[in-house]
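Everything below concerns the one structure shown next.
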Amino acid sequence: MVNPTGIGASILRKEDRRFLTGRGTYVADIKRPDMTVGVFVRSPHAHARVKAIELTAALAVPGVVAVLTGDDLKRDGIGAIPCGWCVTGKGGVPMKEPPHPALAQGKVRYVGDAVAFVIAETLADAYDAAAAVAVEYEALPAAAGVLNALKPGAPVIFDEIPDNICYDWDLGDREATEAAFKRAEHIARVRLVNNRLVGNPMEPRAAVGEYDWTTAQHTLWTTSQFPHIVKLLMGNFVLNIPQHKLRVVAPDVGGGFGVKQFHYAEEAVVTWASAKVGRPVKWVCERSEGFVSDAHGRDHVTEAELALDASGKFLGLRVRTIANMGGYLSTFGPNIPSYLYGPLLAGVYTTPAIYCEVKAVFTNTLPVDAYRGAGRPEATFVLERLVDIAANQMGIDRAEIRRRNTIPKNAYPYKTPVLVEYDSGDPLSCLEKVLLVADWKGFSKRKADSERRGKYRGIGLCTFAEACGLAPSRIAAQLGARGGLFESSTVRVHPTGHVTVIMGTHNHGQGHETTFAQITSEKLGIPADNVEIVFGDTDKVQFGLGTYGSRSLAVGGSALVKASDKVILKGKKIAAHMLEASESDIAFTAGVFRVVGTDRQKSFQEIALSAHFPINYPLEVLEPGLEEQAFYDPVNFTFPSGAHVAEVEIDPETGVVRLLSYVAVDDVGTIINPMIVKGQIHGGLVQGIGQALCENCVYDEASGQLLSGSFMDYCMPRADDIPMMHVETLSTACTHNPLGVKGCGELGTIGSPATVINAVVDALGHLGVTHVDMPASPSRIWGIINNAGAEKAAE
Ligand code: MCN
């Protein structure tokens, strides 16, 4: 009998009952008795020495409670904000890791760097006092872009790192790749920029700190995707608070997209400040403040080449990337353009030799870190642009060149030349399906129709694989992670058979309260409505590592399965006792414990009740209670894959690119909730389409000023920019986790930038255009069309 709320059911999201009725509890909603309000004074300079900070006027503003600076941090022995990942470069040279003080000490290194923290009775008082903080700066020349920061004589951001290079890293077999290029009949080349992005979750970041001197207990409420990691990093490395005296709570969080996955300076300052002033302190980030204080994403400059034989078979891939780290290292920053990038360059292809070099560079910009997809969209973009360029130059259909190079289903497990082994996949089926659904063959007719209307029409294709489900701790540690990346789950069965599941992952839009209830429902044979999912509070949750890298289902869900299996095992012992049978004769299916081959049985509820009323238990072999915990560390990443097709139409008069259709066929293994998976893919697609068509974080190269610091200048995609998208799934089960699942949270973001830009380039192909950098904004496209026109006229 199919379980109507189990695995595979498209049930509505349980959490939407509170979200859609405005009853969520976000950090900004937290009110504590006697609470004060904090505001950060931030640097207007990209690079400057802090000569002096004069606080007299600020302290005289009515309502001010305190003004704290980097000197106070120093005096209190507060540590620097730590980085969670150490990348080792060529020749075993470890990355440079300069200290990151929570409030600037001596120098500011980007516009928005925090210089002082003002605490007052009201927000208005705090703003008045912040305006009265007089900081004397000595402005220094700034290096905003990576190319500027690498120039000889460039401004030096940290005195101890005169070349501004954080690491110079490589991956793959250099010699084998050079040999492949020597044998090549054709070489396709591209030079591209992967544009910098601002995450902009719906809810801006916020933090509330509180200190109870009677118990020496600190509490931090924060907009975080991983409260336990904040507790560990902040408690242990920054504030020196014993772990049992620190509670971190991340209640409802209104989207994170990676941006809330780091330990931020503001969290440490608010926690420290609340103990210092002896009152709770709340900071809520302004929307425009988020532009200069939330870590940014992407920002690569890349040169890449693909070597092919005469038939279009890929022989070798060579990639050189310069990645922007910003003014300090963020929690996962160094890992994104290295281990989350290089290993993805194999894509779904059989390319035998790959060599990738990455220079990570400090600049006078906000720190750069993970943003949905994190490294994988960048790798996919490089590869898929090259594949299109090669196909066009060699006169091979773009679908056909992919077909010729795609890993066949029977070649899995497939070891790529860049570290990873794909356990399962069927990318050719994804490709054929997407071509069919998108009517790839019928495109020329539609193009002719657009031409009749004076429009340029293009079709784009991208096939890709991603690595998610972070991470096997063993592998992550070899790659530089400074901690394990397992996950945990506790299944608590109440006497009535209702269940509370306590997860180490964090739900901030992904539907965990529903899908984890569905897994429990399937495993224990109870309705999903009988299951409550708890997460996000380090006092309620056993240690857990949070949500990012599309890991929650593959890693957290597997921990839940393990804990449920333990509950079933214990249930069998209880059933054996109650039914006077041997434990090995008890079978459990669909919520019923049965003596095999008989009609003697006990329901899950009866077992739960018995566990709590153990009147005649043989206590030496059977403990009362029914609660089990499990920790799960995966043996490998999961490798979802997909094939996407987009069609665009360009108006040559205005340069506006209109996305006409988008078809995605994705393999995410077993699916827990098809509706949630589609929603996740939709959301991801829109974020990738945003990067491709409109989003762009721009710094002035000369001054380091942020030019796109609000929604007036930073263009987010809106509903009317996006057509009805067609998402289909295909399931090849992951072979190494108990559910056979692969992540889906980032898929859309990984495939869509390349798909859309391949379509845009196709639309402009008749003008001789071979590459367009993102975003394909109207001004950029209009410029390309008109320059092409001018060039043609000059011929
Ligand atoms: N799921 C499923 N079947 C599968 C795969 C997933 O039913 N085969 C379900 C899962 O049970 C879960 C959801 O889909 O409910 C996403 O699962 P998963 O792929 O494991 O991703 P995570 O839950 O770990 O979420 C992280 C991922 C990332 S890395 C970013 S960034 C992101 C994203 O999810 N940020 C989001 N999706 C987001 N969605 C919202 N609304 N807000 C964000 O901040």
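The values are calculated or read from the model by the stated rules, or taken from the named source; none is laboratory data. Computed from a predicted model, the values in this text were never measured in an experiment. Because the Cβ atoms are built from the backbone with ideal geometry, glycine has one as well, and the counts that use them run over all protein chains shown. Accessible surface is based on the protein model in full, side chains and every heavy atom, while ligands, DNA and RNA are left aside. Shrake-Rupley method; radii C 1.70, N 1.55, O 1.52, S 1.80 Å.
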Inset, instruction - Throw me the Rg/Rh for region 584-707, computed over C-alpha atoms with Kirkwood Rh, two decimals. - result: 1.30
Legend entry - Distance histogram for region 55-119 (every C-alpha pair counted, 10 angstrom bins, percent rounded to whole numbers): 18, 36, 28, 11, 5, 2
Inset, instruction - Hydropathy first: keep DSSP H helices in the chain averaging at least -1.0 on Kyte-Doolittle, then drop any whose Cα extent along the axis falls short of 30 Å, and list what survives. - result: 558-579
Legend entry - Longest to shortest principal axis, alpha-carbon extents of region 519-597, angstrom: 46, 22, 21
Legend entry - Ala143 long-range amide H proximity, modeled H, under 5 Å: Asn364
Inset, instruction - Using Cα positions and a limit of under 28 Å, work out the lysines in reach of Lys151, with same-chain residues fewer than 8 apart set aside. - result: Lys51, Lys90, Lys96, Lys107, Lys359
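Using only the alpha carbons of region 724-795, what is the convex hull's orientation-averaged projected area in square nanometres?
Details: hull surface 29.1 nm².
Quarter of the Cα hull surface area: 7.3 nm².
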Inset, instruction - With a ≥ b ≥ c taken as the square roots of the eigenvalues of the C-alpha gyration tensor of region 96-163, please select rounded if a/c is under 1.5 and otherwise prolate if a/b is larger than b/c or oblate if it is not? - result: prolate
Legend entry - Histogram of C-alpha separations across region 477-626, 10 Å bin width, %: 11, 38, 29, 16, 6, 0
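Over all distinct Cα pairs, what is the inverse of the mean 1/r for region 56-190, reported as the Kirkwood hydrodynamic radius in Å?
19.2 Å
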Inset, instruction - Would you tell me the accessible area of Ser330, worked out with a 1.4 angstrom probe on the heavy atoms of the protein chains, in Å² to the nearest 10? - result: 20 Å²
Inset, instruction - Using the 4.7 Å Cβ rule, please list in number order the cysteines from the chain without any candidate partner. - result: Cys83, Cys86, Cys166, Cys285, Cys356, Cys430, Cys462, Cys468, Cys697, Cys734, Cys744
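Determine how many Å³ per residue the convex hull of the Cα atoms of region 15-56 encloses. It would help to have the intermediate numbers written out before the result.
Working: hull volume 6.6 nm³, N = 42.
For region 15-56, the hull spanned by Cα atoms encloses 158 Å³ per residue.
Express the C-alpha Rg of region 344-456 as a ratio against the empirical globular expectation 2.2 N^0.38 Å, rounded to two decimals.
1.35
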Legend entry - region 465-510 - convex hull of the alpha-carbon atoms, volume per residue in Å³: 129 Å³
Legend entry - trypsin sites (Lys or Arg not before Pro) within region 1-42: DSSP coil, no more than 14 neighbouring Cβ in 10 Å: Arg23, Lys31
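Among Cys86, Cys356, what's the order by accessible area (1.4 angstrom probe), most exposed first? All intermediate terms of the calculation are to be shown ahead of the outcome.
On the way: Cys86 30, Cys356 0 Å².
Highest to lowest solvent-accessible surface, that is Cys86, Cys356.
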Legend entry - From the C-alpha gyration tensor of the chain, square roots of 5λ in Å: 42, 38, 23
Legend entry - Hits among lysines - C-alpha to C-alpha of Lys14 under 19 Å, sequence gap 8 or more where chains match: Lys523, Lys678
Inset, instruction - Could you tally up the Lys pairs in region 230-336 with alpha carbons closer than 20 Å? Skip any pair fewer than 8 positions apart unless they're on separate chains. - result: 7
Legend entry - Normalised convex hull volume, region 680-782, alpha-carbon set, Å³ per residue: 177 Å³
Legend entry - Inverse of mean 1/r across different Cα pairs in region 405-537, Kirkwood, Å: 19.8 Å
Inset, instruction - Using only the Cα atoms of region 9-85, each taken as one equal point scatterer with no solvent, compute I(q) by the Debye sum, divide by I(0), and report log10 of the ratio at q = 0.14, 0.21 Å⁻¹. - result: -0.83, -1.18
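Whole-Å semi-axes of region 130-201's equivalent ellipsoid, largest first, each the root of 5 times a Cα gyration tensor eigenvalue?
Working: eigenvalues 324, 65, 30 Å².
Listed largest to smallest, the semi-axes of region 130-201 are 40, 18, 12 Å.
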Legend entry - Cut-off under 5 Å, modelled amide H: who pairs with Leu545 long-range: Ser488
Legend entry - Cα gyration tensor category, rounded, prolate or oblate, for region 159-253 with a/c compared to 1.5: prolate
